[in-house]
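The values are calculated or read from the model by the stated rules, or taken from the named source; none is laboratory data. Keep in mind the model is a prediction, meaning the values are calculated, not measured. Cβ atoms come from the backbone with ideal geometry, glycine included; neighbour counts cover every protein chain shown.
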Amino acid sequence: MRTLPGLMLPALMPAMVLTACFSGLNSKVPAQQRYVLQPTLAVPAATEATAGAVAPAAGSVLVMRPSAAPGLAGEGIAVLRPGARLDFYSNARWAADAPVALQSLVIDALRSAGRFATVESDSGPFAAQYVLSLDIEHFEADYPAQGPPTVRVALVCSLGRRSDRGVIVSFTARSEVRAEADHMQAVMAAFEQATGEALSQVTANIVP
C-alpha cells in the first residue's frame, strides 16, 4: 500500500523538535546578562538653588520619560571606543531601556528627597503642578587607547510649571567615574557611582 507524504509528518515532527532542543542545550554562546542599577545617593551640598529652601515643597511633579542622545535609547550598554566609534557590550544589557531605567531612578531619588508631596511618571493618571523634562546626554563607558573605561553620565534637567510653561530651573547633572578594571563588575560599579552622583545633583537642584 502506498503511504501518502502528508501522513508521515506527525511522526517526523517530534524528532525535529528534539533536535532543536538539544542544539540549544549544547550552544556555546554565552548567556546574556541583564543589569539593574542600584546607586547610592550622596548627601547633596548646598547650592544657590537650595540655599533658601527650608521646608519640603507642597504640590506634585511629573517626571517625563527622558529623550536620549543617539545610541543611548535602548537596552544596550553603550561603549565609546577611540575614534568616536559607538559600540555595545556583546553579552550585557540593561534590564530596561536606558530612558525608562533613568526615569525610574530620578523618580525614586525625588521621592526620597521629600521636596514634593507626590512624584509620578508621565504615564500616571494624576495632574501635577510641575513638570521635569530630562535629556540623556551621556550614559556610556568611554574607553581610552589602553586601560579601563571612564563611565560618563550627564542628564540635562529642566523643571517648569505646568500652568504657564514657565521654566523654574535648568541645569546639567553630570559625573565621570573611572572603572577600577576592564571587566563588567568594575564597569557596573562605576556606572552605579556615576549615576548616584548625577542623581544627587538632581535632587540638590530641583526646588520649585
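Output the residue which, of all residues in region 109-136 that are closer than 18 Å to Asp97 by Cβ and outside any loop (DSSP other than H, G, I, E, B), is modelled with the lowest pLDDT.
Restricting attention to region 109-136, the residues satisfying the condition of being closer than 18 Å to Asp97 by Cβ are 121-123, 133-136.
The next check asks that each one be outside any loop (DSSP other than H, G, I, E, B); those that pass are 121, 133-136.
On the way: Ser121: 93, Ser133: 97, Leu134: 98, Asp135: 98, Ile136: 98.
Only one residue fits best here, namely Ser121.
Quick one: in region 43-68, which of the residues that are modelled with pLDDT of 95 or more and either among the hydroxyl-bearing types (Ser, Thr, Tyr) or in a loop (DSSP other than H, G, I, E, B) (or both) is surrounded by the most Cβ atoms within 10 Å (Cβ to Cβ)?
Pro66
What number of residues within region 176-203 are outside any loop (DSSP other than H, G, I, E, B), surrounded by 22 or more Cβ atoms within 10 Å (Cβ to Cβ), in contact with a helix residue (DSSP H, G or I) (Cβ under 8 Å, 6 or more places away or on another chain) and not β-branched (Val, Ile, Thr)?
1
I'd like the full set of residues that are under 13 Å from Ala179 (Cα atoms), among the small types (Gly, Ala, Ser) and out of contact with any helix residue (DSSP H, G or I) (no Cβ under 7 Å at 6 or more places or on another chain), limited to region 136-152.
Selection gives Gly147 alone.
Can you name the number of the only condition in (1) farther than 18 Å from Ala101 by Cα; (2) outside any loop (DSSP other than H, G, I, E, B); (3) among the acidic types (Asp, Glu) that Asp164 fails?
Of (1) farther than 18 Å from Ala101 by Cα; (2) outside any loop (DSSP other than H, G, I, E, B); (3) among the acidic types (Asp, Glu), only one is false for Asp164: (2).
Restricting region 124-144 to residues that are surrounded by fewer than 16 Cβ atoms within 10 Å (Cβ to Cβ) and touching a residue at least 24 places away in the same chain (Cβ under 8 Å), which is farthest from Met64 (Cα to Cα)? Walk me through how you get there before you give the answer.
Going residue by residue through region 124-144, those that are surrounded by fewer than 16 Cβ atoms within 10 Å (Cβ to Cβ) are 124-127, 144.
The next check asks that each one be touching a residue at least 24 places away in the same chain (Cβ under 8 Å); those that pass are 124, 126-127, 144.
On the way: Gly124: 10, Phe126: 13, Ala127: 13, Pro144: 33 Å.
Checking each candidate, the answer is Pro144.
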